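The values are calculated or read from the model by the stated rules, or taken from the named source; none is laboratory data. Note that the structure is predicted; figures quoted are calculated from it, not measured. All Cβ positions, even for glycine, are placed from backbone atoms using ideal geometry, and neighbour counts span all protein chains on display.
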Amino acid sequence: MDTVYFDWGGKAVHTLTNDSNDIVVYPTLDALLDTLTGPTRIIGEATFESYNVSRREAVINRCRAEGHELLTTPNRATGRERHDVMGYPKGVKTDSIDVGAIRHLARRNPACLKKPNIVNPTWADRLDGANDEIMKLRRTYTHVESKRAKLGFKAVSAKDTYAQTVAGLLPPYESLPESRKLALGDGKAYSSPLLAAAAIATKHADDRAEFERLAGLYHHGYPSQIRSDFHHWAFRYAKKRGVEMTDFRRECRWLFHQLAPHRDQL
């Protein structure tokens, strides 16, 4: 049975087959599956189709129906394999390098491979609803006059405007303990991506446990736009300021408890 390794990037899928170092790029996973002539072992990161639960489910079901074995590597393992094991310098990252790292990891540590799960339909609807809402904010802009801008105006993201509204429901940033400031902002103001994501997650969660699940505040949390805002756009920078994940999670839970009474305003 052939093995195809893939790195899914949203806009393209980079692949390697068996021992070949020739990278083949497909627009989608379905386009890759269209080329397979028989049962194939397919291995990629767990984050494939991470922002579209129904499309992810369709890929899993198609692989199952066509006799393919679909396996995934842990969410954060590619970066560690790339830098810590294969020796690429920090900051060096391309899709072509990453598909090689996925293959290297899968062969070096096959015990890490898991079958991807289909998300519970009820929870999938909740997850899709929350992420659709934050994606709409992300894609919506208003234009305001600006004397500093070359064109005389600037585009303001609805997500940033929403985050400012959310900040108005919270204690002033300057009043926070220093540890909370470092976890939730840059020392001067709250993190806009974090506030927007935390507010949407609070709005769609019935309790703190559901908030943490939507936010993906644990190692194997389900990948989504909201989780990306918590981890890639907030914790990644907080970590550079010396904040540990345990502290970050605690302060995000504090955000939930501050925002929960204001659900009707979110």
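Just wondering, is there one or more residues in segment 39-48 that are without any contact (Cβ under 8 Å) to a residue 24 or more places away in the chain and surrounded by fewer than 17 Cβ atoms within 10 Å (Cβ to Cβ)? No, because not a single residue in segment 39-48 is without any contact (Cβ under 8 Å) to a residue 24 or more places away in the chain and surrounded by fewer than 17 Cβ atoms within 10 Å (Cβ to Cβ). List pairs: first in segment 131-160 and under 23 Å from Leu266 (Cα atoms), second modelled with pLDDT of 80 or more and of a type in the set (Phe, Trp, Tyr), Cβ under 6 Å, 6+ apart or cross-chain? If the second residue must be modelled with pLDDT of 80 or more and of a type in the set (Phe, Trp, Tyr), the pairs left are Leu137/Tyr162; Ala155/Tyr141; Ser157/Tyr141. Taking the listed residues Arg241, Arg236, Arg213, the one that is closer than 24 Å to Arg139 by Cβ and either basic (Lys, Arg) or not assigned by TED's automatic domain parsing to the domain that holds Asp132 (or both) is Arg236, with no other qualifying.
Only residues that are out of contact with any helix residue (DSSP H, G or I) (no Cβ under 8 Å at 6 or more places or on another chain), of a type in the set (Phe, Trp, Tyr) and within 14 Å of Ala196 (Cβ to Cβ) were counted across segment 228-266, and they come to 0.
Answer yes or no as to whether Lys188 is surrounded by 14 or more Cβ atoms within 10 Å (Cβ to Cβ), at pLDDT 90 or above, basic (Lys, Arg) and farther than 27 Å from Ala77 by Cα. Before you say what the answer is, go through the steps one by one.
Details: surrounded by 14 or more Cβ atoms within 10 Å (Cβ to Cβ): no; at pLDDT 90 or above: yes; basic (Lys, Arg): yes; farther than 27 Å from Ala77 by Cα: yes.
No: the conditions fail for Lys188.
For segment 118-134, a residue qualifies if it is part of a helix (DSSP H, G or I) and within 17 Å of Phe48 (Cβ to Cβ), and the qualifying residues are Ala124, Leu127, Asp128, Asn131. Per the listing Ala201, Ala205, Ala260, the residue uniquely in contact (Cβ under 8 Å) with a residue 12 or more places away in the chain, closer than 21 Å to Ser157 by Cα and not charged (D, E, K, R) is Ala201.
Among residues of segment 64-80 that are within 15 Å of Pro110 (Cβ to Cβ), those with a Cβ under 9 angstrom from a residue that is part of a loop (DSSP other than H, G, I, E, B) and among the hydroxyl-bearing types (Ser, Thr, Tyr), sequence gap 6+ or separate chain, pair up as Glu69/Thr40; Thr72/Thr47. When segment 211-252 is limited to residues that are of a type in the set (Lys, Arg) and surrounded by fewer than 21 Cβ atoms within 10 Å (Cβ to Cβ), the one that is nearest to Ser50 (Cα to Cα) turns out to be Arg213. If we scan segment 167-181, do we find a residue that is surrounded by 15 or more Cβ atoms within 10 Å (Cβ to Cβ), modelled with pLDDT under 95, basic (Lys, Arg) and part of a helix (DSSP H, G or I)? Within segment 167-181, not a single residue is surrounded by 15 or more Cβ atoms within 10 Å (Cβ to Cβ), modelled with pLDDT under 95, basic (Lys, Arg) and part of a helix (DSSP H, G or I). Pull up segment 97-111, narrow it to residues that are surrounded by 13 or more Cβ atoms within 10 Å (Cβ to Cβ) and over 20 Å from the mean Cα position of the chain (by Cα), then point me to the one that is farthest from Asp7 (Cα to Cα). Step by step, filter segment 97-111, then rank; the result is Asn109. Of everything listed in (1) assigned to a helix (DSSP H, G or I); (2) surrounded by fewer than 21 Cβ atoms within 10 Å (Cβ to Cβ); (3) out of contact with any Ser or Thr (no Cβ under 8 Å at 6 or more places or on another chain); (4) not small (Gly, Ala, Ser), the single unmet condition for Asp206 is (1).
Apart from one condition, Arg107 fits all of (1) closer than 30 Å to His68 by Cα; (2) out of contact with any helix residue (DSSP H, G or I) (no Cβ under 6 Å at 6 or more places or on another chain); (3) in the same structural domain as His232 (by TED's automatic domain parsing); the exception is (3).
For Leu255, are the conditions met, namely being surrounded by 14 or more Cβ atoms within 10 Å (Cβ to Cβ) and within 13 Å of the chain's Cα centre (by Cα)?
Numbers: surrounded by 14 or more Cβ atoms within 10 Å (Cβ to Cβ): yes; within 13 Å of the chain's Cα centre (by Cα): no.
Criteria not met by Leu255.
When every residue of segment 87-95 is checked against the conditions, none turns out to be buried (at least 20 other Cβ atoms within 10 Å of the Cβ), outside the structural domain of Leu214 (by TED's automatic domain parsing) and closer than 21 Å to Ser224 by Cβ. Quick one: Tyr162 ticks every box in (1) surrounded by 14 or more Cβ atoms within 10 Å (Cβ to Cβ); (2) closer than 25 Å to Lys240 by Cα except a single one, so which number is it? Answer for Tyr162: the failing condition is (2).
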